[in-house]
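To keep things clear, I will list the structure first and then write my remarks on it.
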Amino acid sequence: MSVSSRDYVYSKFQEFYNDPSTVISSPTNFEQREFAYLMFKERFMVRHRRFENMQTFKNVLARNVPSDVYHSCTYYENPDLEMDKKGWIGSDLVFDIDADHIPTACGKIHDEWICQKCEFSGKGVTPEECPICGGDKFSVKTWACDVCIESTRVETAKLIDMLTKDFGFADDEIRVFFSGHRGYHVHVEDEVVRSLDALSRKEIVDYVIGLGLSILERDVNEKAVKGRKRVVATKKFNLHDYGWNRRLKVGMAKFLSTVTAEDLKSFGLKNNNLFKNKDAILSRAIEGGRWDSISGVSVATWLKLAEQVKSLESANIDTVVTTDIHRLIRMNGTLHGKTGLLKVEFPIRQLDTFDPLTHAVAFKKGTAKVLIYDAPKFRLGGATWGPYKNVKVVLPTAAAIMLILKGRAEVVNDV
C-alpha cells in the first residue's frame, strides 16, 4: 500500500471512529472482557486492556484509530493482567465460518498466494506448505464475492440447525454476525456453555464436523456352524431418528432425490443399484428402516453413501476458534482491516435475506480516484463494478477502500 493510499484509508477510518453517530455495540459483561486493537499505521497489537464503560473505550478508538478491534470471548476476574494472572471465569462458545477454509470454484479465479521463500505462486486455497520449496509462509490476496459469502452462509445455516435441533439452544441464545470479510461468526453466550473446558469444546467441534461418527451396529445371532450352534456377531447398517443418524437419513433422502448416475460415480459410488433402486431406498430403507431389504446394496455401499452425505451435512468451521478458551473475536460494529466493511449482527431468522455486501457497508458518502492494478467484477453497496486491469477509475469511497486494502489499487492524486 502506497503512503498516499495508507493516509487516505487512515483518514476514513479516523472519520468513522470519531463520528458521534457511529454505533459500536458493547459485549455482554463488558467489565470482564479483555479488549485489544491493531494500530492502523504502526501495525502492532495493543491488548490486555480493560475499560470501565463503553464510552471510555470509544474515546480510545477515536484517539488511536485502529485497523481492527477485538474483545475476548472469555470472562476474566482481571482482564488487564497477563494471561496467567487474569483469572479465567468462563468463555462464550464461538464459531467462525470463513471462506478461507472452504474450497470454492471462484477461489481459483480471484484468490492468489505467493511463497515468500521461493516466490512460487498459485490460485485457490493457500497450501500448508509450498509444493516447490516446502516453505510455510505466503503472501495472500483474497476476495469477497457472492459465491464465497454464499458458501459460508450455507455452512452457517447447517451449524445453526445443529445448535437448535441437536444441542437444544433457543434462537435467542444464539447470536449471528457477518464477520466483515467473507464469513460469519456465531456466538452462544448461555451460562450452560461458559464453564466448558477446551476438551469439552473439542467434543462439540467433532460433532459439528462429523468426526468419529460410528453408525454400524453389532447383530448377535445364534447360528449352526459345522453342526454346532455358535453365537456369531456381525455388523449391520442402521440409522435411528436422532442426532447424526437423523441427519444422515435426511441427507440421504435429499441426496438421492436429485443425484444422477454420473454424480454417484464422481463421488466414488459405483454401485448402480443405488441409482436404480432410489425409490425403494427412500421408502423401504430410509423411511421404513429396512436397510437390508435393498437388493445389491451391501453394508460397505451404505457406509460409502453415508460418508458422502456426512461431508455434505457437516458444517465447515474453523475448529481452532471454537476450542480456544482465551480467544479474541472481532467487535460488533467495528471495521474490518481487510475490507473496510463492518462486523454486523442480524437476527438469526434473517440469515437467508441478510446481504453483507449491502448491509455491512460503512462508508456511504464520497468518491475517490484510484489506479486499479487488477480486480475482478464485484458487487458492493447495491452496484456492480469491474472487472478492471491497469485503469484509473472514480469509485465510491467503500469500493475504493476495499480495493486498496486488498492490495489491488492505490489512490491517484492527479494535478
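The values are calculated or read from the model by the stated rules, or taken from the named source; none is laboratory data. Just so you know, these numbers come straight off a predicted model, no measurement behind them. Reconstructed Cβ throughout: ideal geometry from the backbone, glycine too, with neighbour counts over all protein chains shown. All accessible areas refer to the heavy atoms of the entire protein, side chains included, with ligands and DNA or RNA removed. Shrake-Rupley method; radii C 1.70, N 1.55, O 1.52, S 1.80 Å.
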Exercise for the section: Mind listing whichever residues of the range 377-396 are at negative phi and under 26 Å from the mean Cα position of the chain (by Cα)? Expected result: K377, F378, R379, L380, A383, T384, W385
Exercise for the section: Test L328 against the stated conditions and say whether it is under 29 Å from P356 (Cα atoms), open to solvent by 70 Å² or more (accessible area, probe 1.4 Å) and of a type outside the set (D, E, K, R). Expected result: no
Problem - Hits in the range 146-202 (condition: over 10 Å from the mean Cα position of the chain (by Cα), among the hydroxyl-bearing types (S, T, Y) and under 17 Å from V321 (Cβ atoms)) - result: S200
Problem - Filtered residues of the range 242-261 (kept if farther than 16 Å from S283 by Cβ and either open to solvent by 10 Å² or more (accessible area, probe 1.4 Å) or in a loop (DSSP other than H, G, I, E, B) (or both)) - result: Y242, G243, W244, N245, R246, R247, T258, V259, T260, A261
Exercise for the section: Name every residue in the range 60-101 that is of a type outside the set (V, I, T) and in a loop (DSSP other than H, G, I, E, B), in order of residue number. Expected result: C73, E77, N78, P79, D80, L81, E82, K86, G87, D92
Exercise for the section: Note down all Cβ pairs under 9 Å where the first residue falls in the range 370-384 and is under 12 Å from L395 (Cβ atoms), the second is part of a strand (DSSP E or B) and basic (K, R), and they're at least six residues apart or on different chains. Expected result: V370/K392; L371/K392; I372/K389; I372/K392; A375/K389
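Take R182 and decide whether it is surrounded by 19 or more Cβ atoms within 10 Å (Cβ to Cβ) and within 24 Å of Y76 (Cβ to Cβ).
Taking the combined requirement at face value, the residue does not satisfy it.
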Practice task
May I ask you to list the residues in the range 99-141 that are in contact with a Pro (Cβ under 6 Å, 6 or more places away or on another chain) and of a type in the set (A, V, I, L, M, F, W, C)?
Solution key: V125
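Matching residues to (1) open to solvent by 10 Å² or more (accessible area, probe 1.4 Å); (2) assigned to a helix (DSSP H, G or I); (3) modelled with pLDDT of 95 or more; (4) within 30 Å of N245 (Cα to Cα):
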{"residue": "W302", "(1), (2), (3), (4)": "no, yes, no, yes"}
{"residue": "E307", "(1), (2), (3), (4)": "yes, yes, no, yes"}
{"residue": "S311", "(1), (2), (3), (4)": "yes, yes, no, yes"}
{"residue": "V321", "(1), (2), (3), (4)": "no, yes, yes, yes"}
{"residue": "E345", "(1), (2), (3), (4)": "yes, no, yes, no"}
{"residue": "F354", "(1), (2), (3), (4)": "yes, no, yes, no"}
{"residue": "T358", "(1), (2), (3), (4)": "yes, yes, yes, no"}
{"residue": "D374", "(1), (2), (3), (4)": "yes, no, no, no"}
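Results for (1) over 22 Å from H336 (Cα atoms); (2) among the basic types (K, R); (3) out of contact with any strand residue (DSSP E or B) (no Cβ under 8 Å at 6 or more places or on another chain); (4) in a helix (DSSP H, G or I), shown as yes or no for each residue.
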| site | (1), (2), (3), (4) |
| --- | --- |
| P103 | yes, no, yes, no |
| D136 | yes, no, yes, no |
| T152 | no, no, no, yes |
| I160 | yes, no, no, yes |
